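The values are calculated or read from the model by the stated rules, or taken from the named source; none is laboratory data. This structure is a prediction, so every number in the text was calculated from the model and none was measured. Reconstructed Cβ throughout: ideal geometry from the backbone, glycine too, with neighbour counts over all protein chains shown.
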């Protein structure tokens, strides 16, 4: 049997802290209120950098999945400090 190295991608959502705005939205029960367990799949997602209108570069994490019987993408935006999450939303395919 060949020795195969397994590459483990880090989870960019492992130590995030949600802003008060995001916590309020999560409690609303809409597409912001998906389970916290989704955060543990951050290493399975696509990671990109986005530049806001304010010129600040942030990290965007998208994870394919489903919520409330709909397929779509779980979307997070992490501030430039690397741990503050000011955006967390499930986007059904119809919204993409």
Could you check region 26-63 and list, in sequence order, the residues that are within 10 Å of the chain's Cα centre (by Cα) and more than 15 Å from residue 9 (Cβ to Cβ)? 38, 60
For a quick check of your reading: which strands (runs of 3 or more DSSP E) sit entirely within region 4-96 and have at least 2 residues that are in contact (Cβ under 8 Å) with a residue 24 or more places away in the chain and surrounded by 12 or more Cβ atoms within 10 Å (Cβ to Cβ)? 57-67, 70-78, 84-92
Those residues of region 68-96 which are farther than 17 Å from residue 17 by Cα and at pLDDT below 95, in sequence order: 68, 69, 70, 93, 94, 95, 96
